[in-house]
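Here's the structure we're looking at; comments come further down.
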Amino acid sequence: MSKLQEEINRRRTFAIISHPDAGKTTLCESILYQSGSIPEKGRVDHRDSFLDYREFERKKGITVRNKEARFSYGNKNYVYVDTPGHLDFAGEVNRSFEILDAAILIINACGPVPADTVRRFSHLRSMHIPVCIFLNKMDLVHRQIEEILNDLKEQLDPSVILSADTKETVALNHEEALEVYLESGEVDERLIVSDLKEGCLFPVFSGSALREEGIEELLEYISRYVEVPASSAHFKAYIYKVDEYAHLKIFSGTLRNRDAFGEYKISEIVRFNGNRSKQVREVSGPDLCAVKGLQGLKAGTWLPSLICEEGIELNTLTYRILSDLDPNELYRKIVILNQEFPELKIKLDDGVNIELVGELQKDFIQKRIAEQFGLN
């Protein structure tokens, strides 16, 4: 395989992180439409967006579970991970951070930066995940971009810059690159890659997701400057979601059907694109897939070590689950939900207790318990 083909096959995994109503779904639909992955754009208010296909999500107009879409753009392959915007589902968002090569922080240019967006930005930065900022709804704004940029520097980080200033910023960051830049206007692109990963620059793009403005520049930047490590023979993977499948990010090595990890044995491997799936025999990293045979493992588990990491502590309230069932029987039925949502921390303690962030999550879990276990 040629070096060019290897580069094409190394899929860049990214997510759009946002506050509700910033335009995450609209940007996602525009990206998939421009890349030719979907024939027409869906809308939240029309309940026909490509990735919010579950009934609860379409009814509420929100994203609840991480989901992935695949597309090619500019001779590169991408996996887009759709994450919830609402704080009630922060546990789901936090698990997605482990599998990202980059993140797009989308901000509604018409208003201030929400506090939860600032927190998520800080989390991404602490994990050395390259962050590109997309100022959305610029067609509706009456402020100058320089004024908005100054606000972002103050609220997020002084290293927030306009994307057009990338080379100049990198030259100023590295004394050895400054002379070359002053002579030629160019810098070693490896310095851009490292500065982006180390949080020495956060490029800002502006446009309108609804009008498909600014998207091409954003994707070209990610394609050019986001590092995707070459896969090695050493197998390493992370379970970022559990439902009827265990959804994995394979960082390196190859996963094959019938592979075993302790008492667990892979019986099926599929790749998801929205709600469509394709069965495959093996998957090599870096890539995403979903498997059967790992039932019993929690979201947040690393392979092959089977070590499950505790997620970031969320601000929750403890609820008592009420049912006509004996508490011991109720617990035995629903404790399996801890595999999908470790942040629920379902426990048996003078009744069955559960940790929840807010009303939306409570509604979702009530509906889930009713559908899966036939319990009200």
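The values are calculated or read from the model by the stated rules, or taken from the named source; none is laboratory data. None of the values given here were measured: they were computed from a predicted structure. In this analysis, Cβ positions are derived from the backbone assuming ideal geometry, glycine residues included, and neighbour counts consider all displayed protein chains. Areas reflect the complete protein model, heavy atoms only, side chains present, ligands, DNA and RNA absent. Shrake-Rupley method; radii C 1.70, N 1.55, O 1.52, S 1.80 Å.
LEU255 is checked against (1) open to solvent by 40 Å² or more (accessible area, probe 1.4 Å); (2) in a strand (DSSP E or B); (3) hydrophobic (A, V, I, L, M, F, W, C) and fails just one. What number does that condition carry?
Among (1) open to solvent by 40 Å² or more (accessible area, probe 1.4 Å); (2) in a strand (DSSP E or B); (3) hydrophobic (A, V, I, L, M, F, W, C), the lone unmet condition for LEU255 is (1).
In region 339-364, what residues are closer than 20 Å to ILE239 by Cβ, assigned to a loop (DSSP other than H, G, I, E, B) and open to solvent by 40 Å² or more (accessible area, probe 1.4 Å)?
Once the filter is applied, which keeps residues that are closer than 20 Å to ILE239 by Cβ, assigned to a loop (DSSP other than H, G, I, E, B) and open to solvent by 40 Å² or more (accessible area, probe 1.4 Å), region 339-364 yields only LYS345.
Tell me which strands (runs of 3 or more DSSP E) are completely within region 105-208 and hold 3 or more residues being under 23 Å from VAL228 (Cα atoms), or say none if there are none.
Result: 131-136, 202-206.
Select from region 115-136 the residues that are open to solvent by less than 10 Å² (accessible area, probe 1.4 Å) and among the polar types (S, T, N, Q) and write down the one among them that is nearest to ASP101 (Cα to Cα).
THR117
Give the residues of region 174-227 that are touching a helix residue (DSSP H, G or I) at 6+ places or on another chain (Cβ under 6 Å) and polar (S, T, N, Q), sorted by residue number.
Residues satisfying the conditions are SER206, SER208.
For region 318-338, name all the residues that are assigned to a helix (DSSP H, G or I) and open to solvent by 50 Å² or more (accessible area, probe 1.4 Å).
PRO327, ASN328, GLU329, TYR331, ARG332, LYS333
Which numbered condition trips up CYS110, out of (1) touching a residue at least 40 places away in the same chain (Cβ under 8 Å); (2) of a type outside the set (Asp, Glu); (3) under 21 Å from ALA209 (Cα atoms); (4) surrounded by fewer than 23 Cβ atoms within 10 Å (Cβ to Cβ)?
Condition not satisfied by CYS110: (1).
Mind listing whichever residues of region 209-251 are touching a residue at least 40 places away in the same chain (Cβ under 8 Å) and in a strand (DSSP E or B)?
GLU213, LYS236, ALA237, TYR238, ILE239, TYR240, LYS241, VAL242, ALA246, HIS247, LEU248, LYS249
When residues of region 11-22 are filtered for being small (Gly, Ala, Ser) and either part of a helix (DSSP H, G or I) or surrounded by fewer than 24 Cβ atoms within 10 Å (Cβ to Cβ) (or both), how many remain?
Going through region 11-22 one residue at a time, the tally reaches 0.
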